[in-house]
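Asker: Supplied in structure tokens, the structure appears directly below.
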Amino acid sequence: EIFYGGAAGGGKTDLALGLAVTKHKRSLILRREATQLTGIIDRSRQIIGSNGRLNENTKIWRDLPGGRRIQFGGCQHEADKHNYDGQAKDLLVFDEAPQFSESQVTHISAWARTESKNQHVLVLLTGNPPTTPEGEWIVRRYAAWLDPSHPNPALPGELRWYAMVDGKEVERPDGEPFEHEGETIQPRSRTFIPARVDDNPYYR
């Protein structure tokens, strides 16, 4: 899981689309409201061009090189997170993540999986620092990188490992599976990478 955020103009949209087009087989790119997808869909047309076919009704790109597929969707209401149950994706993108609730992100992220051998699975959150109390969960979730008072701060890009134990998230020393009350738990990695305008050559 990666949170790529910070300054506007850092290339967050292009990162999401670039990963979907070049690195992943089944991608889902979400905005909180489906009406907010216009910009990212327009950008996907510019990048993909005639190398695929976009269904305007379902908002799904098909016939992409390598058999890839990209789906765009919204999750306006809390219960909308269930609309994506059972839909395995090897790339999940929450664009402008602070606009989502944490439970929406964690619930939908449970379907980040693949049966394809050697296919990397990634959950990507993009966004700027939260401006409302509803978005403060981002700071808690990435406290090791964003909270200056964190007892064990992490560097940008440094991997940390987390797992759910008895309904509570705990940090683990590594990504090795471990046993807890007869259950095998697999930690997931997490990191934060700051987005800067200087990282985008088109804005230099």
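The values are calculated or read from the model by the stated rules, or taken from the named source; none is laboratory data. Keep in mind the model is a prediction, meaning the values are calculated, not measured. Each accessible area value is taken on the protein alone, full model and side chains, heavy atoms only, with ligands, DNA and RNA left out. Shrake-Rupley method; radii C 1.70, N 1.55, O 1.52, S 1.80 Å.
Asker: Starting from the eigenvalues of the Cα gyration tensor, five times each then square-rooted, give me the equivalent ellipsoid semi-axes of the chain, largest first, whole Å.
Answerer: Details: eigenvalues 150, 89, 56 Å².
Each semi-axis is √(5λ); the values are 27, 21, 17 Å.
Asker: What percentage of the solvent-accessible surface of segment 24-83, computed with a 1.4 Å probe over protein heavy atoms, is contributed by carbon and sulfur atoms? Before the final figure, lay out each step's value.
Answerer: Working: 1370 of 3190 Å².
That fraction is 43 percent.
Asker: What list of ³J(HN,Hα) values in whole Hz, one per residue of segment 53-63 in order, does the Karplus curve 6.51 cos²θ - 1.76 cosθ + 1.60 (θ = phi - 60°) give from phi, with Gly and Pro shown as x?
Answerer: These are the phi-based 3J(HN,Hα) values: 10, 9, 7, 5, 7, 8, 6, 10, 8, 10, 6 Hz.
Asker: I'd like to check one number: the per residue accessible area of the chain, probe 1.4 Å, reported in Å² as a whole number.
Answerer: On the way: 11110 Å² over 204 residues.
Per-residue value: 54 Å².
Asker: Considering only DSSP beta bridges where both residues belong to the chain, give the percentage that are antiparallel (nearest 5). Intermediate results must be reported in sequence, preceding the final value.
Answerer: Numbers: 16 of 40 bridges.
So the antiparallel bridges in the chain amount to around 40 percent.
Asker: Another question, if that's okay. According to the Cα gyration tensor, what semi-axes, each the square root of 5 times an eigenvalue, does the equivalent ellipsoid of segment 44-109 have, listed from largest to smallest in whole Å?
Answerer: Details: eigenvalues 123, 31, 24 Å².
Semi-axis lengths for segment 44-109 are 25, 12, 11 Å.
Asker: Keeping all protein chains in place and using 1.4 angstrom, which order do Ser116, Ser101, Ser27 fall into by accessible surface area, from largest down?
Answerer: Ser116, Ser101, Ser27
Asker: How large, in Å, is segment 19-74 by the Kirkwood hydrodynamic radius built from its alpha-carbon pairs?
Answerer: Values: mean 1/r = 0.0890 Å⁻¹.
Kirkwood radius, segment 19-74: 11.2 Å.
Asker: Still on this structure: Take the Cα pairs of segment 92-204, get the Kirkwood Rh, then feed it into Stokes-Einstein at 10 °C and 1.306 mPa s and tell me D in µm²/s. Walk me through the numbers before you get to the answer.
Answerer: Numbers: Rh = 15.9 Å.
The Stokes-Einstein estimate is 100 µm²/s.
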